[in-house]
1. Within the stretch A:167-175, can one find any residue that is assigned to a loop (DSSP other than H, G, I, E, B), open to solvent by less than 10 Å² (accessible area, probe 1.4 Å) and over 23 Å from A:Q234 (Cβ atoms)?
2. Report yes if A:V123 is more than 8 Å from chain B (Cβ to nearest Cβ), in contact with a Lys or Arg (Cβ under 9 Å, 6 or more places away or on another chain) and part of a helix (DSSP H, G or I), otherwise no.
3. Residue by residue through the stretch B:526-562, note down the ones that are more than 18 Å from B:L592 (Cα to Cα) and open to solvent by 20 Å² or more (accessible area, probe 1.4 Å).
4. Facing chain B (nearest Cβ under 7 Å), touching a residue at least 12 places away in the same chain (Cβ under 8 Å) and either assigned to a helix (DSSP H, G or I) or polar (S, T, N, Q) (or both): is that true of A:A84 in this structure?
5. Restricting attention to the stretch B:20-38, which residues are out of contact with any Gly (no Cβ under 6 Å at 6 or more places or on another chain) and buried (at least 20 other Cβ atoms within 10 Å of the Cβ)?
6. Checking A:M78 against (1) touching a residue at least 24 places away in the same chain (Cβ under 8 Å); (2) open to solvent by 10 Å² or more (accessible area, probe 1.4 Å); (3) more than 9 Å from chain B (Cβ to nearest Cβ); (4) aliphatic (A, V, I, L, M): exactly one of these is not met. Which one?
7. Looking at (1) in contact (Cβ under 8 Å) with a residue 60 or more places away in the chain; (2) of a type in the set (A, V, I, L, M, F, W, C); (3) more than 16 Å from ligand 2 (Cβ to nearest atom); (4) not in a loop (DSSP other than H, G, I, E, B), find the lone condition where A:C214 falls short.
8. Any residue at all in the stretch A:68-75 that's modelled with pLDDT of 90 or more, away from ligand 2 (no atom under 16 Å from the Cβ), in contact with a His (Cβ under 9 Å, 6 or more places away or on another chain) and open to solvent by less than 50 Å² (accessible area, probe 1.4 Å)?
Amino acid sequence: MATNTVVDVHNLEKTYGKANERQYKALKGLNFTVEAGEFVGIMGASGSGKTTLLNMLSTLDVPTKGDVVVNGHDVTKMRGNQLADFRAQEVGFIFQDFNLLESLTAEENIGLPLALKGTASRVMDQAIHEVAETLSIADLLSKYPSELSGGQKQRVAAARAIVHHPAILMGDEPTGALDSTSARELLDLMTTINEKQHMSVLLVTHDPFSASFCQRILFIKDGQIGSEIKRGDQDRSAFYQQILNELGTFNE
Amino acid sequence: MLGKLALAGIKHRRRDYLVLLVGLTMSAAIFYMFANLATNRAFIKANAVVSQASLIFGFGAALLILITVVYIMYANSFLLSMRQHDYGLFMMLGATRKRVGELVFLETLILGTLATAVGIVIGLLMSQFLVGFLLDMLGLHLAHLSAFYLPAIIATAVLYVGLFILASLFNLIRLTRTTVLKLLHTDEQANQPKNHPFRQAVSAILGIVLLAIGYWALAAIKALQVAAIPIALVTITIGTYLLFRATILVIIQGLRRTKWARKHLNGFLLGQLNFRVYNYTRMLTIVSLLFAMALGAITVGSGYHRQLPMMANSLGTYTIAVHDKTAQEQKLIDQLNVKHQATYTQKRHGKVVYYNAAELKQQPFELNKGTTEAKYQTHPKYYNESLKKFKQSGSQSLDFLSLAIRGEQGFFAPKIVSAQQFAKQPGKTVTVTTVRVKDMDQDKQVLKQLNKLELKRFAQPAEMTVGNYQSYELMSGFFGGLEFMGYFLGIAFLAMLASCLMFKILSGAPGDQRRYRMLYKVGVRHSLMRHGIAKEIGILFLIPGIMGVIDVLFGLQMFKPLMQSPMSPYLGIGSIFAIFIGLYAIYYVITLTLYWRIVLPKAPTD
Ligand SMILES: Nc1ncnc2c1ncn2[C@@H]1O[C@H](COP(=O)(O)OP(=O)(O)O)[C@@H](O)[C@H]1O
Ligand SMILES: [Mg+2]
């Protein structure tokens, strides 16, 4: 059982502000797990602590209290280079603002995680082209980010996030800056990645449509998990309806 | 309210402002020191020898003004790069353009005025101590050099405040002409330049042709005379620019295709350089040229000084001649590293000075072929003539004549007579001792004392020199001024050009902040980012450095006709280059440290 858990969050707390300053408790004892191959959504109103949570999981920030275990690594015990290496190897991240380096071509952007590992050039080529096929961006590889549309940029970012086969793919409102068509394409892609490559996906969103692509949704309220719903065998539109209903009761 | 906000923004980046302020202050201080030297009438009048070089000082001042203008331009763009995001925000929050414009204008002007005022004060202090120290090191004594000189203060203040008013206006126009959105997002642009093979090939060829013309002009200064300098300046600058612009993209893009580019952050480094170097072309060309000028100034200045003894030695046979030496003088002579020494007895009567033939036979008067034959000018060859021949030729040489000066009327006419005749000859008896030392530089201090004692007892017409030491002293007065200029301008130039480069690079830091933040998120180790930045900035420093060194190596050709072999403008340039590179490296380290501080993402702490 334990070997199948990719993310295990236990009593996670985060307080912003130093002891002598005004403090704000963003997370107040959070508990949840993500199993291998799961597609989990995290929903909540703006300011409910979603980004804060994701930052803890991806080691961009450190928790005040509690444990976070990702793919067997106790994230809270890591320091310095270990943290950087962990980010580079264990997690793939898609950001709302793409986070692409505009001085590099799409191909170079996608290859970055492999270059950091010191992967041989030939292996790298193969991996890049494989992932580019999967995400249908093979014809964009030689372009610079400034020559790409928002949807294309986000697909390149997704390719970079998964090219090195991380244990989990995380997205913080990855559709936030996209039009509805591009958003849908990206969500379909993430579903494909989840199903074909059996990669766990953790999607943070406040948008019910995006959330309807997930298998299980956790609702955050006031820094804690408020409730949880599962898609089960429902089709997406039925699940979408369920999410809307849940939000209705949840927000009261 | 807006004023308060602006002040808060400045406080937030006070360290960067401090760097800017220190840079501007130093520039103003250097300018004041130079203006003080170049314009101080009392000082120039009191130093007749140096006043011959006042033309050079004027030329130096013109160059210094030029680089000051360039310098302030870059400092200003650094200032703007720090502020434009804030200004954009103010406008988005509803501040009128006019209000923001006023703010920009005032901020620039206040900063500039402050820097000028502090700079002049520091310049005063430096004039007092540093200039004296530098002159002392060169063995020069310039009288009437006062640190406080009102016209110099006015000149510095007018130039700097004037330039800052221009800079403020420039910022005002720039900010009010760009859209708010652009101000907020300027950091995010990293335009990738495109290749244009045909255009690049043409510009590369044109560049090479221009460079060839420039270097040829320098080497052919004998034929072209003064025209060589402007020709070389224009052709080398444009040639370097064209060649650099045409080739750099090809090189970087070639490197990007290698396997090396696909390891660690190398690809990112090349990507950065690809857009940065291209945008920096103009800047790097200017910097390389200034670098060359600075290096050239020091090299030539010190080159002359180092070769002075050699030049002085070609002018005569003995280093110094002492008449009727006292015990004190004998003591000093004993301290010298004597290569050749002789003492002759003179009897001066009427317009004639009599010498004893027996004495001259026993210790013949040494002659130097260097004074008569060009071939030996730099390898002094000493020889003796038979007494018979000496009576006809050698005794009429200036060196021999100078042993008996008859005041303003010239020399006593020498007459060599037999020992018996000499004994009977009436007249005033004077003994004269000629000394030739091994190395004038080494015995400089003793020679100086000896010369002083000699001149005190035997007045000598002005402008007349006896012995190589006096020639040496006269020339070092003249060339020393040149050398001082060389060092002063060289160091000032280097300081300013390196800060130009520093400000230009630092102006790009806000944009890089975002990029390194991205790398941080993707999981790039801190050490890897540090090394990447060190390499990137290192290359930006290295390019103008290398181009400048090449320019100097060719540029020194210009001085070849003025220095005959084995004297050469290339003699001993190694140590000068080393000092220069050391100073340049310090700037690199400062820039790098600042860049790291601005750009590297801070790891979260609990
Ligand atoms: N660096 C920070 N310092 C102080 N408070 C913060 C910081 N980051 C986020 N917060 C606060 O924590 C709460 C949760 O923020 P966030 O995780 O960004 O919410 P979400 O992503 O769900 O919109 C918000 O109230 C926000 O103001
Ligand atoms: Mg958020």
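The values are calculated or read from the model by the stated rules, or taken from the named source; none is laboratory data. Nothing here was measured: the structure is a model prediction, and the numbers come from that model. Neighbour counts are summed over all protein chains in view; Cβ atoms, including those assigned to glycine, are modelled from backbone coordinates with ideal geometry. Note: accessible area is taken over every heavy atom of the protein model, side chains too, but ligands, DNA and RNA are not part of it. Shrake-Rupley method; radii C 1.70, N 1.55, O 1.52, S 1.80 Å.
1. Start the filter on the stretch A:167-175 by keeping residues that are assigned to a loop (DSSP other than H, G, I, E, B), which leaves A:167, A:173-175.
Restricting the remaining residues to those that are open to solvent by less than 10 Å² (accessible area, probe 1.4 Å) gives A:174.
Among the residues that remain, those that are also over 23 Å from A:Q234 (Cβ atoms) are: A:174.
Within the stretch A:167-175, one or more residues are assigned to a loop (DSSP other than H, G, I, E, B), open to solvent by less than 10 Å² (accessible area, probe 1.4 Å) and over 23 Å from A:Q234 (Cβ atoms).
2. On the way: more than 8 Å from chain B (Cβ to nearest Cβ): yes; in contact with a Lys or Arg (Cβ under 9 Å, 6 or more places away or on another chain): no; part of a helix (DSSP H, G or I): yes.
Judged against the criteria, A:V123 is not a match.
3. Here is the first cut: in the stretch B:526-562, the ones more than 18 Å from B:L592 (Cα to Cα) are B:546-562.
Hits for the stretch B:526-562 are B:I546, B:M547, B:V549, B:I550, B:L553, B:F554, B:Q557, B:M558, B:F559, B:K560, B:P561, B:L562.
4. Values: facing chain B (nearest Cβ under 7 Å): yes; touching a residue at least 12 places away in the same chain (Cβ under 8 Å): no; either assigned to a helix (DSSP H, G or I) or polar (S, T, N, Q) (or both): yes.
Considered against the rule, which asks whether it is facing chain B (nearest Cβ under 7 Å), touching a residue at least 12 places away in the same chain (Cβ under 8 Å) and either assigned to a helix (DSSP H, G or I) or polar (S, T, N, Q) (or both), A:A84 comes out as no.
5. Residues of the stretch B:20-38 that are out of contact with any Gly (no Cβ under 6 Å at 6 or more places or on another chain), as a first pass: B:20-24, B:26-27, B:30-31, B:34-38.
Passing the criteria: B:L20, B:G23, B:L24, B:M26, B:S27, B:I30, B:F31, B:F34, B:A35, B:N36, B:L37, B:A38.
6. Every condition holds for A:M78 apart from (1).
7. Condition not satisfied by A:C214: (4).
8. yes
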